[in-house]
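Inspection log for the structure reproduced underneath, given as structure tokens.
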Amino acid sequence: MADADTSGIDGWHLVPATVIREEEQIEEWGKSNGNWSGVGKHLTNWSDHKTLRVQGRELGLGSYGEVERITYKAVTLARKHVSPRRGRLTLEKLREEANAMERLDNKHILKLVGTYTFKTKHLYLLLYPAAVCDLHRFLEEVDDIRSGAHADRQDAMKRIQDLGLKDVSTIEELAFPKNQSQSIPRTATAVGFLQQILGCITEALAYVHAQGIRHMDLKPKNILLSPGKVYLADFGIARDVRESEDSITSTRLGTPYWMAPEVHDEQVHHMAPADIWSLGSIFLNTATVFYGESLESYDEIMKGQDCEKKYKMLPKYLNGLRTKAVSAALEDYENPTFNVKHIIGLIEDMLKYDPEERPTAIEVNERLSELGGLDQVYHLSCCHKKNAYISKVINKKLKSVHEVNADSVLQIAQLKVENDEYKERLRRLEELKNTWETRLDNQKKHSGDQYRALQEKYNQEVDARKKFEKDHKPFRRPWSQNKGRGRGRGQELLHTTGNKPPPLPKPLKHEMYLNPRTQQRASGLPLPIRPSTPIRPALSRDPGSSSSTYVSSKCSVFSRASPNESLSSVSSVSSLRTVRSVSPSSPTTAKPRNPAETALDLSACPAVANEILKPAVVKKVDHEAKPSWANVVSLRPIQ
């Protein structure tokens, strides 16, 4: 909101002369011995109470009574009637509020002019000034006027005008007005006034806490509004903790909607942080209106009794207000500038669930001064800080910004070193990548060449095989010519069909245990088994003869033929041909010998002669038949 030319204008320019005169009169009463009544400040059974003129306009209800507007000696006052209707309270107990207020002298706290009693246990407090309305009523009327739901808009606008205000637009509408020529100064709007009173209320609470008093019932109804002014009121349940060791209690005091969680749950707590939580709720209620949100949405969250549900819904609601504030050209608190910033972050800190995490009233006021910028938009002109204070705030902000920048510079330097290391590592990886890519390309090329060469060779082999199979295709008799041929096993082998090979002949019983390395031919047929040497019977022989045993054995082995048969043909047969043993028990063959060497006199053994004279089995015509081992032995001359 650009209104630098009217930054100093607020409700003070509407303060009438009567108000100035009334303040001067009250100051004179305080200095005089008789005070306001002429006979003292606190009166008992005051008989002249009828001199007070009631204007017939009720201002509201307090903790223990009603408040109405009166006039005494041309001074308009607020009279609060305190009655013991809430319990059996003594008069001294009812005077606690008066005693607390009497010690408080601040421009934003209602001034206690005096007290008097008229009836037993009925106490009247005379307060100055008589405000136009309280904050609760003002917020409701602004919200109803915006929404068009106010039953008596004229009466509401009159109260707003009595406060010196002219407009109830939202902060966004004021930031971007449609008609620049008819723009209204910020301080003359409801939004500007609500922004300014926040700092003043905070200063009042900081003053109260500094005096050792805890309010314990902060709420919008206890904040009174006058033209250009705001007052903290209703100290009916305030606690004086000056003479206590600490300000700890577990008593549940205050209005439930505005109680801190620890007060609502009746936990042992410090009273000052509880006041801060209540003040944060007032800030949030006020921000809801000047940021353009409806009070109904606020009530849905903050006026519930379930604290856990409240804290689940609160962050989303605050984010919505933050969005509206940013759209109205208000900056975040973290921005290192001196422009006006929104207060959503401050409200979050004030509404912390943990009391120890909440700021103090003095810290809240300092942050409002910083957030308000150079124009101090969160304080009325009566609370504007001096240039020295603003300079201090600015220097503190600059120092924090410098520290942040120094840390940032250090972090940037560290990040730069890390970045250089990563760059060098990346360069090496790129080089390594290029090297491996080149190797992979070469390997791929080499593999491709090998594959093509192998493929070409394979194709050549396939072509050669096809050509060979074509040139050497075996002769196959047509199936029609094979019909009816063969009935035995040989025909089955010739006429086998399909890929199934013909069955192999089953081995004989004596062939099943042969050693394939030593007793089996390459064809698979077993070798003949060599029998043991035949047993020759022991015959009697002539001591002088050396061949009787041999001749006897031959005769006994071969036959019983007559020895008188002629053996003259043996020599001729042996000389004409070579005989081969056909005995199945002979594993070896003997070379043919000279007929002269093998000529024997076989007349004595006809069986040998018959055996020799048998025709020999010729295996092949072009090969010589070899005599068997038995024949060779039999043909040896007997020594």
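Where a number appears in this text, it was derived from the coordinates with a stated rule and is not lab data. Every value quoted in this text rests on a predicted model; they were computed, and no experiment measured them. Here the Cβ is made from the backbone with ideal geometry for all residues, glycine too, and neighbour counts use every protein chain on show.
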Sort 398-409, 307-318 for me by packing, meaning the mean count of neighbouring Cβ atoms within 10 Å per residue, highest on top. 307-318, 398-409
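What ranking do 422, 333, 72 get, fewest neighbouring Cβ atoms within 10 angstrom at the top? Mind showing how you got there, number by number?
Details: 422 10, 333 13, 72 16.
Listing 422, 333, 72 from fewest to most nearby Cβ atoms yields 422, 333, 72.
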Ordered by fewest other Cβ atoms within 10 Å, a rough proxy for footprinting exposure, 217, 162 read 162, 217
Linear extension gain, residue 81 paired with residue 323, 0.36 nm per residue minus alpha-carbon span: 82.6 nm
Label-point separation, residue 356 to residue 435 (7 Å along Cα→Cβ), nm: 6.0 nm
Sorting 19, 67, 142 on the 10 Å Cβ count, fewest up front, what's the list? 19, 67, 142
